[in-house]
Amino acid sequence: MSLIDFRTEPSAYRHWDLQVAGDRATLTLDVQEDGGLSDGYELKLNSYDLSVDIELADAVQRLRFEHPEVAVVVLRSGKDRVFCAGANIRMLGGASHGHKVNFCKFTNETRNTIEEASKESGQAYLCAVNGTAAGGGYELALAADHILLVDDGSAAVSLPEVPLLAVLPGTGGLTRLVDKRKVRRDLADVFSTTEEGVRGDRAVAWRLVDELAPSSKFEDAIDARAKALAEGRARPEKGIAWPRLERTVEGDSLRYSHLEASIDRRLRTVEITLRGPDEAPPADTEALQEQGTEAWALALTRQLDDLLLHLRFNEPEIGCLVVKSEGDPAAVAAYDAFLAENQDHWLVAETLLAWRRAMKRLDMMARSLFVLVEPGSCFAGFLAEPLFAADRSYMLDGQFEGDNRPPATVQLSSLNFGSFPMANGLSRLATRFLGEPESLTAAEGMAAQALEAEAAMAAGLVTFAPDDIDWEDEIRLLLEERASFSPDALTGMEANLRFAGPETMESKIFARLTAWQNWIFQRPNAVGEEGALRLYGSGSRPSYDKERV
């Protein structure tokens, strides 16, 4: 498979059509059968691979920034009597284990973004199911606020993965059934083991869909429901352009305007440098809107998000992210204050939400994450979030010999205490100090203070604070030791340690579901020579190892 690029735009879409008319947008799924990422499978019956979801993710993001006037988004099919057959089975059967897991993770993140758009951005989603919605197709519908199913005697919704493929509905289907739609456990068991699915009145009675409409009145029902969902939603009048992101890739380096990444293949490490703003924050929100995607905070957010996806899919052997920053912390703090003071403006709110999503993407990277705070760093306000996402952080105590820059500082702001919750619903600082509520209270009292290494250590904001003499050896030993450990054991350890605290639907999807699916994707019952994924469509029945584990 060639390099996977997550940058796209509507003119380059092959599988989706995006139309905007007033306060309504319509996203029509019409998958091009030969338009997949790889050869060896055809995307029939609106089945999808990663290429389809890359476009969907772009469209959902684009609607929030380019078309904030949209109050309701209609998801529908461009094919007759079929909505979506779900993830392409031949694609899954032939994909590497890592690609299958990352594919499920990305599709989950995309559907979470749909749900967030409704909750936080006032853009409701209506899914108009005109025929079969199977597996991932029904999981796409589950992300919407309202599911309208055509009542034609044959259209059905289903999650057939367990009986047909020996895997789980990998895009949160089981979790959304019982947590979001509150389907009774026994009925969910029947539904999830019934290949043909459920249709008509039973689908409504079981809360699998919200509404039925006969074929003759389906379009009228879509229109009526879309108007009802849009009613009363006050919308901004004008968005910003959402151009394709620019970057340069040269060998083992990736460069963006505010971010640079350099890969060390010997240590299987990537060093990521986040750069602070070159100028003062905008004078007001009107000036911010004129800057559009060139505004520093939004530009950096887009660039970091793109880099994380690139590393996840294209650099599977790079096991450690080392994050640094470079710039004036006072300039970052000033920009942070501007964002905090203008959170009621739609573009500021969307920028903060985009940073929230990028930080969640960082949390969900199956890579070790270390942050280094050195002279010249600018970890302040919202840009300090990677520090609290890290598995460990190191802050230089004092200065490097021969370096006349002042000692590094860390500075908190109000945004660090709830604006960017993790999947568990808590801020990273609240998660960090789960057993030390007094430390969280003390940290809140330190907001706006520039804390040097000794104070940051005392406050519990960094892990270690070596001096100049020990710095180089400590970091070298850290990275060499990490590279010597089993990647599998590290992935499991990090994922367990990062998400202390309460469970949410989101944390269940990314922890419980992902862990089970990760395991199932390696079991012979699914992927062995006689496994269900391998044999699907061949006419041969799978042979299962019946031992329960």
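The values are calculated or read from the model by the stated rules, or taken from the named source; none is laboratory data. Not measured: the values here are computed from a predicted model. Cβ sites come from the backbone with ideal geometry, for glycine too, and all protein chains shown count toward neighbours. Surface accessibility is based on the protein's heavy atoms, side chains included, excluding ligands, DNA and RNA. Shrake-Rupley method; radii C 1.70, N 1.55, O 1.52, S 1.80 Å.
Would you mind getting me the FRET efficiency between E231 and S484? Use the beta-carbon distance for r and R0 = 56 Å, nearest 0.05. That gives a FRET efficiency of 0.40. Share of antiparallel DSSP beta bridges in the chain, in percent to the nearest 5? Within the chain, antiparallel bridges account for around 35 percent of the total. Computed extension length for V249-D179: 21.0 nm, one decimal, from 0.36 nm per residue of separation with the Cα-Cα distance subtracted. Label reach from A515 (point 7 Å along Cα→C-beta): in the range 414-457, amide nitrogens under 15 Å belong to 424.
The slack between Q19 and V190, meaning 0.36 nm per residue of separation minus the straight C-alpha distance, is 57.8 nm.
In this structure, the residue pairs whose Cα-Cα separation is over 28 Å, taken from K44/K105; K119/K227; K79/K119; K105/K217, are K79/K119; K105/K217.
For V209, the residues 5 or more places off, or on other chains, whose built amide H falls under 5 Å of its own are V204.
Expressed as a whole percent, the accessible area of the range 231-327 that falls on carbon and sulfur atoms is 42 (1.4 Å probe).
For a test of the definition: using alpha carbon positions, the gyration tensor, and the 1.5 limit on a/c, classify the range 297-433 as rounded, prolate or oblate. It comes out oblate by the Cα gyration axes. Label zone of K44 (point 7 Å out along Cα→Cβ, amide N under 14 Å): in the range 82-98 this covers 85-86, 88-91. In terms of its C-alpha gyration tensor, the range 141-249 has an oblate overall shape, because the principal axis ratio a/c (a ≥ b ≥ c, square roots of the eigenvalues) is not below 1.5 and a/b does not outweigh b/c.
State whether the range 367-413 is rounded, prolate or oblate according to the following rule on the C-alpha gyration tensor (a ≥ b ≥ c being the square roots of its eigenvalues): a/c under 1.5 gives rounded; otherwise a/b larger than b/c gives prolate, and the remaining case gives oblate. Taking the square roots of the gyration eigenvalues as a ≥ b ≥ c, the range 367-413 is oblate. A quarter of the convex hull surface defined by the alpha-carbon atoms of the chain gives 25.9 nm² as the mean projection.
In this label model, A340 and D80 are separated by 6.0 nm, measuring between points 7 Å along each Cα→Cβ vector. Modelled label positions at E454 and D223, each set 7 Å beyond Cα in the direction of Cβ, lie 7.4 nm from each other.
If the chain linking S540 and K238 were pulled fully straight, counting 0.36 nm for each residue of separation and taking away their Cα-Cα distance, it would gain 103.1 nm.
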